[in-house]
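Enquirer: Once you've had a glance at the structure underneath, I'll fire off some questions.
The values are calculated or read from the model by the stated rules, or taken from the named source; none is laboratory data. These numbers were taken from a predicted model, which means no experiment stands behind them. Note that each Cβ is placed from the backbone with ideal geometry, even for glycine, and that neighbours are counted across all protein chains shown. These area figures cover heavy atoms from the full protein model, side chains too; ligands, DNA and RNA do not enter into them. Shrake-Rupley method; radii C 1.70, N 1.55, O 1.52, S 1.80 Å.
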Amino acid sequence: MGLSRRQLGDGEQIVLAVRPHVVTLWQPAVVLLALSPAATALLGLIPDGPTQPWLRLVVAALAGWCALRYVLWPFLAWWHTVYAVTSHRVLHREGVLARWGRDVPLGRVDDVTFTRRPAQRLVGSGRLVVSADVEDGALVLENAPRVVDLAQAISEVTHLANRPAREIEACAEPEEGDEPEDGEEPEDGEEPEDREEPEDGEE
């Protein structure tokens with residue numbers, strides 16, 4: 001979905017890739033529904049005469065420009081916007097002619113939060129914020145669909161990405177100077193402590 005294999009690194013797998021929720025296209029949809037009858041009505045109001053073809057051409061050109069600017073372009077912008085979670089990072093891509101993108105490595109992710117307005121709860125979308133220890137700050141994904149599943153996917157892959165480091169720390173050897181616990185054998189070169197001999201008559 002808007003993300004090719006050549007954009008991924010070696011061994012990197014796509015966990016989840018989505019576009020902004022389709023509800024973000026409500027404005028282009030309203031314009032499209034209003035534009036067609038409005039243009040038809042204007043064409044019908046043009047009086048007969050030598051200027052009628054030119055006036056109709058002007059109305060058709062204006063209708064076409066409005067369709068390109070307020071219907072087709074927003075749709076293309078939506079189609080080329082991608083929110084993705086891979087096995088290595090969280091990424092955001094957008095742009096039709098000029099592309100823009102931002103990546104957050106999973107090892108830098110500190111927290112994942114989302115908010116949903118009442119209308120967004122009805123359609124399952126929301127605003128997702130990925131807090132990260134990076135120079136640009138948090139990564140914000142607006143109108144993310146399936147926002148709960150997306151947040152859960154980021155949390156799970158972040159946990160899996162950081163698990164080896166935690167396991168290594170847990171299995172790390174104690175630092176030098178640590179005293180052995182009771183029952184441990186002394187290190188090489190150390191003599192065991194003398195045991196007290198029982199006194200005469202004591203068993």
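Enquirer: Using a cut-off of 13 Å between beta-carbons, work out the net charge of the residues near residue 125 (Lys and Arg +1, Asp and Glu -1, residue 125 not included). Before the final figure, lay out each step's value.
Expert: Numbers: positive: 19, 116, 117, 121, 127, 146; negative: 142, 149.
In short, +4.
Enquirer: How do 86, 51 stack up against each other in accessible area, from largest to smallest, with a 1.4 angstrom probe?
Expert: Result of the area sort, largest leading: 51, 86.
Enquirer: Any idea of the accessible area per residue across the range 1-113, 1.4 Å probe, to the nearest Å²?
Expert: 63 Å²
Enquirer: Within the range 75-151, list the GluC sites (Glu not before Pro) lying in a DSSP loop whose Cβ has at most 16 other Cβ atoms in a 10 Å radius. Could you put the intermediate results ahead of the total?
Expert: Numbers: sites: 94, 135, 142; in loops: 135.
Taking the range 75-151 and a limit of 16 other Cβ atoms within 10 Å, the loop GluC sites (Glu not before Pro) found are 135.
Enquirer: Charges at C-beta only: +1 for Lys and Arg, -1 for Asp and Glu. How large is the resulting dipole of the range 1-125 about its Cα centre, in Debye rounded to 20?
Expert: Here the size comes out at about 120 debye.
Enquirer: For residue 68 paired with residue 99, estimate the spin-label separation in nm (one decimal), with each label point 7 Å from Cα along the Cα-to-Cβ line.
Expert: Between residue 68 and residue 99, the simple spin-label model gives 2.5 nm.
Enquirer: Let a ≥ b ≥ c be the square roots of the eigenvalues of the Cα gyration tensor of the range 1-68; is it rounded (a/c under 1.5), or, if not, prolate (a/b larger than b/c) or oblate?
Expert: Working: a/c = 9.16, a/b = 3.16, b/c = 2.90.
Taking the square roots of the gyration eigenvalues as a ≥ b ≥ c, the range 1-68 is prolate.
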